[in-house]
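Enquirer: Following this message is one structure expressed as C-alpha cells.
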Amino acid sequence: MRIIAGDWRGRVLASVGKGDAGAHLRPTTDRVRESLFSMLVGGRFGDPITGARVLDLFAGTGALGLEALSRGAAEAVFVDDGRVAQKLIRENIATLGAGTRATLIGRNATRLGACPGEAHSLVFCDPPYGKGLGEKALGAALAGGWISSGALVVWEESADVSPPEGLVPLDERRYGDSVIYILGAS
C-alpha cells in the first residue's frame, strides 16, 4: 500500500498483506482508493478534501484518512478499537510525519459518544463487510455531532446499505466485491 497523490505521493504505508481476518482488517486497495479520490475531486463534489476535517471510522491502516491528509485535508481523526489496527495507524502517522494533523481514538466506532471538538466535513466508513456495523457507526457519529451539516460520507461495503436518517445517497460505484457509497449529510 502506498499514498496515491499529494504531498506524500508514493510513500509506502505499513501493510497487513492481504488482510488480518482476526482483526477484521481488509485494506482498501490502491486501485479502489485511487478511483474513490478521483471520483471525489474530479466531479460534481467540487473539492471536499482541501481544508477538510476528516473522520476515518474503522480506520484499519489509516490509508483513507492519510490519503486525504496528503491531498490537503487540514486534519484527520482515526477511529479503530483493534490493537493491530492502532499499531498500524500509529506507525503510518509516524512514517509520514503526520502527527500534528492526525489523532487516533482507540474506540469502537459504533459507540463514539459526543464529539469533543468541531464536526467533520469528510467521513470515511469502511467497516467489516456484512455485519451491519456501518449503519450503527454512522448513526452514532450523527447522534454524537461528529458529522457536520453538508458533509460528504464515503461508505465502503459489499452489499446494499441502509443509510441512517440524516444521510442521503448521492452516488455509488462498484469495484469488484466492494461498493462505494457517497452520501450527503443534511
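Each reported figure results from applying straightforward, stated rules to the coordinates on display, with no laboratory input. Owing to the predicted nature of the structure, the values given are computational and were not obtained by experimental measurement. So basically every Cβ, Gly included, is an ideal-geometry build from the backbone, and we count neighbours across all protein chains shown.
Enquirer: What's the exposure ranking of Cys125, Cys115, going from fewest to most Cβ atoms within 10 Å? Numbers along the way, then the final one.
Expert: Values: Cys125 26, Cys115 17.
Fewest-to-most ranking of Cys125, Cys115: Cys115, Cys125.
Enquirer: Amide H of Phe124: which non-local residues (sequence gap of 5 or more, or other chain) have their own amide H closer than 5 Å, using H built in the peptide plane?
Expert: Leu55, Asp56, Leu57, Val154
Enquirer: Which of Met1, Met39 comes first, and how do the rest follow, when ranked by fewest Cβ neighbours within 10 Å? Write down the numbers at each step before the final one.
Expert: On the way: Met1 21, Met39 16.
Lowest to highest Cβ neighbour count: Met39, Met1.
Enquirer: Translational D (Stokes-Einstein, µm²/s) of segment 21-185 at 37 °C and 0.692 mPa s when Rh comes from the Kirkwood sum over C-alpha pairs? List each step's numbers first, then the result.
Expert: On the way: Rh = 15.5 Å.
The diffusion coefficient I find is 212 µm²/s.
Enquirer: Taking 0.36 nm per residue of sequence separation and subtracting the Cα-Cα distance, how much length would be gained by fully extending the chain between Asn108 and Asp81, in nm to one decimal?
Expert: Numbers: separation 27, 0.36 × 27 = 9.72 nm, distance 0.51 nm.
Length gained, Asn108 through Asp81: 9.2 nm.
Enquirer: Next question, about the same structure. Would you kindly state how much longer the chain becomes between Ser38 and Arg11 on full extension, computed as 0.36 nm times their sequence separation minus their alpha carbon distance, in nm to one decimal?
Expert: Working: separation 27, 0.36 × 27 = 9.72 nm, distance 1.85 nm.
Gain on extension, Ser38 to Arg11, equals 7.9 nm.
Enquirer: Now, a different point. With each run of n ≥ 4 DSSP H residues scored as -39500 (n - 2.57), what mean residue ellipticity at 222 nm is computed for the chain after dividing by its residue count and rounding to the nearest 500 deg cm²/dmol?
Expert: Working: 4 runs with 45 residues, N = 186.
For the chain, the value works out to -7500 deg cm²/dmol.
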